[in-house]
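Participant: Provided herewith is a single structure, encoded as structure tokens, for subsequent inquiry.
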Amino acid sequence: QVPEIRRFYGMDHGGGYDIWRKTAALATPFNFDEVDSEWPKGHCVAVRITSEDPDDGFKPTGGKVKEISFKSKPNVWGYFSVKSGGGIHEFADSQFGHVFAYGVSRSAAITNMVLALKEVQIRGEIHSNVDYT
């Protein structure tokens, strides 16, 4: 398994220059004064998607998920740990998704998030905090 592990970490079999280069880069101190600073280019907000019932005090719910539909856009990106046809176990963590939205201002990022959440479709036996928006 050693060759597979070395490939996984990007190391060639015999060591050589590639390993020396990576080791030297790790051992070289970084001088922050020599680097040009970059200013932030906008704002990002994040929302956790959970299987909780907003009408029951956000109590976690479990069950089958018939459909999850979410489409990323240039300023909105998301991922889910469950797909259509899957399910969420009653003893699992209730978070099963994350959505991130970017905007040139905090207000623009929030607007992008709200618009994206209105398009999220989650159908099945579970309840979701997306229903709360």
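We did not get these values from a lab; they are worked out from the coordinates using the rules stated. Please read these numbers as outputs of a predicted model, since none were measured by experiment. Counting neighbours? That spans all protein chains shown, and the Cβs are built from the backbone with ideal geometry, glycine included.
Participant: Return the residues of segment 36-70 that are under 23 Å from F91 (Cβ atoms), touching a residue at least 12 places away in the same chain (Cβ under 8 Å) and in a strand (DSSP E or B); say none if nothing qualifies.
Facilitator: The answer is R48, I49, T50, E52, D53, P60, G63, K64, V65, K66, I68.
Participant: Another question about this same structure. Can you find, within segment 90-133, the residue that is surrounded by the fewest Cβ atoms within 10 Å (Cβ to Cβ) among those that are touching a strand residue (DSSP E or B) at 6+ places or on another chain (Cβ under 7 Å), closer than 18 Å to I68 by Cα and among the polar types (S, T, N, Q)?
Facilitator: Among them, the one singled out is Q121.
Participant: Only residues that are within 18 Å of the chain's Cα centre (by Cα) and touching a residue at least 24 places away in the same chain (Cβ under 8 Å): list them for segment 102-114, please.
Facilitator: Passing the criteria: Y102, G103, A109, I110, N112, M113.
Participant: Which of (1) surrounded by 18 or more Cβ atoms within 10 Å (Cβ to Cβ); (2) part of a strand (DSSP E or B) does V82 not meet, given it meets every other one?
Facilitator: Just one mismatch for V82, condition (2).
Participant: Quickly run through segment 85-133 and pick out the residues that are assigned to a strand (DSSP E or B), under 19 Å from G62 (Cα atoms) and touching a helix residue (DSSP H, G or I) at 6+ places or on another chain (Cβ under 8 Å).
Facilitator: If the condition is that a residue be assigned to a strand (DSSP E or B), under 19 Å from G62 (Cα atoms) and touching a helix residue (DSSP H, G or I) at 6+ places or on another chain (Cβ under 8 Å), then I122 is the only one that fits.
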